[in-house]
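The values are calculated or read from the model by the stated rules, or taken from the named source; none is laboratory data. Quantities reported herein were computed from a predicted structural model and do not represent experimental measurements. Here the Cβ is made from the backbone with ideal geometry for all residues, glycine too, and neighbour counts use every protein chain on show.
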Amino acid sequence: MKLRSGSILFFIFLLSAIHGLAFAHADDDEEDGDNGDEMRLEMIHRYSPRAKDHGVHVEIPPTQQALIQELHRHDIVRLQMMAQKRQQNGHDQGLNSSSSSSNSTRRMDMQTRVSMTMPINTGWDYGLGQYLVQIEVGTPAQKFMVIANTGSDLTWVRCQSHCSKGCGIRQGRKNHQRVFNADRSSTYKSIPCSSQMCKFDLANMFSLNKCPSPLSSCRYDYSYSEGSSAFGAFATDTISASLSNGKRTRIENVLMGCTESVIGKGGFTGGHGILGLGFGRYSLTTKAALNFGGKLSYCLLDYMTHKNVTSYLTFGANKKAVLQGKLSYTQLVLGSPSLGAYYGLHLEGISIGGQMLNIPMHIWNPNLGGGTLIDSSTSLTHLTMPAYRPVMTALTMPLTKLRRLPSGEDPFDFCFNPIGYGDRMVPKLVFHFAGGAKFAPPVRNYVVDMTPGKKCIAFVPATEGPCIIGNIMQQNHLWEFNLVRKTLGFAPSTCT
């Protein structure tokens, strides 16, 4: 099995929304989300041929080996960003806010909800670790392909408005791609810089203190990593989407960014903006999921899946999921100071070949600087050294008779010539979670092809912080997040 694609989108957790979510009826073809359907959003790898149909053009790594090296580079950048985000104090944890808690509980008690679903498309020989989701912004709706990012609460699109020619815009790379014309949207509303929302609520989204006049737009300089940042104005507008029953729905008053310039390359190439999948109270995913029963799920396609096969990011009960076993459940760890705004799990240990490894328990404890994250925007699985060493020792011991190959510039420590190799030579790997849930990925998820004559064990050492289960390890499983009960369910799936 060859690894052919990069980071996928993966987790979305919503914790609560302070404003509640309004779904509007515009005509007979729109629904309010109460009929038991689901909202599905298509996800397309940004190197998929289909991405070009949506105005997304990026340079493709020339070989599979170059692709994997690029995935690792992206992971390193992402880990730096995640470390910076975890160090931020006072992250907006919407689920803990009293004003939204009762509102979200009331919404979740409703048994019959609509779901909404978005398709994931693997561009199996095109990929650098980001997936694209098509969203429709404004009234009338304007379509954009945005990069799904679990590390951000802010959804933004490249933008042009009456403010784009002034307002103290910092010089950066201009919008040579598709842009949102805010002046043409009747539902676009700017947020005043003099408002309490701008001064306090949006401070953790890098709102600026500059306020030339009370009605001037609240502006942001949203930092990511590698010196990258997006500069623009906060606003609210309507996001439109299709339901799985063919109807249309509108999510009103969604906080969004109208980005007029981007500084640095970072991860912004290949899309028209960012879909923030964080769980803050203003995030789009929080607002959407609260209206669809509090559940969000996705299934990551095998990296060798044909590039035209599609999967979905689903808000609501995923009734169409094809499972190959029962869902196992474990608790999510949300809002831990050491894990920050990312999605944590209670990992209690790792076994290989039926034997629990001798890994210090503090490695799994977020209160002691450890813990475990599951992240769809990270490609590889990263283990801190006290876990990495015993895992690699146990996995590689049966492979010592094979000819070992130098890693070179590849990110993995153990690579070998596959002559004489079979998957049965590799002992079974199992992640043991709190509550007895066990995740046993197939061998192809952690023994990957670099070249036709080279395979590698796809674990990467991390120096400190939490361990991270990346999207390659997650593939061919359905992952269902219940952000009301704070549980994660998972099961093997065909992802069709």
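Of the residues S283, S261, S297, S244, the single one that is over 28 Å from P466 (Cα atoms) and modelled with pLDDT of 80 or more is S261. Restricted to the stretch 298-395, the set of strands (runs of 3 or more DSSP E) holding at least 2 residues that are under 25 Å from R40 (Cβ atoms) comprises 310-315, 328-333. Has the stretch 404-423 got any residue that is more than 23 Å from the chain's Cα centre (by Cα), under 30 Å from G489 (Cβ atoms), at pLDDT 95 or above and assigned to a strand (DSSP E or B)? No, there is no match, as no residue in the stretch 404-423 is more than 23 Å from the chain's Cα centre (by Cα), under 30 Å from G489 (Cβ atoms), at pLDDT 95 or above and assigned to a strand (DSSP E or B). Consider T463 carefully, then state whether it is of a type in the set (S, T, Y), in contact with a helix residue (DSSP H, G or I) (Cβ under 6 Å, 6 or more places away or on another chain) and touching a residue at least 60 places away in the same chain (Cβ under 8 Å). It is false that T463 is of a type in the set (S, T, Y), in contact with a helix residue (DSSP H, G or I) (Cβ under 6 Å, 6 or more places away or on another chain) and touching a residue at least 60 places away in the same chain (Cβ under 8 Å). Would you confirm whether any residue within the stretch 449-463 is in contact with a Lys or Arg (Cβ under 7 Å, 6 or more places away or on another chain) and not aromatic (F, W, Y)? The answer is yes, given that some residue of the stretch 449-463 is in contact with a Lys or Arg (Cβ under 7 Å, 6 or more places away or on another chain) and not aromatic (F, W, Y).
Taking the criterion of being assigned to a strand (DSSP E or B) and of a type in the set (V, I, T), the only residue of the stretch 470-496 that qualifies is T487.
When each of I374, I359, I363 is tested for being touching a Gly at 6+ places or on another chain (Cβ under 9 Å), more than 23 Å from M450 (Cα to Cα) and at pLDDT below 95, the lone residue that passes is I374. Only one of (1) surrounded by 14 or more Cβ atoms within 10 Å (Cβ to Cβ); (2) touching a residue at least 40 places away in the same chain (Cβ under 8 Å); (3) under 26 Å from A491 (Cα atoms); (4) more than 24 Å from the chain's Cα centre (by Cα) fails for I359. Which number is that? Every condition holds for I359 apart from (2). Taking the criterion of being closer than 22 Å to Y343 by Cα, part of a strand (DSSP E or B), of a type in the set (D, E, K, R) and at pLDDT below 95, no residue of the stretch 437-469 qualifies.
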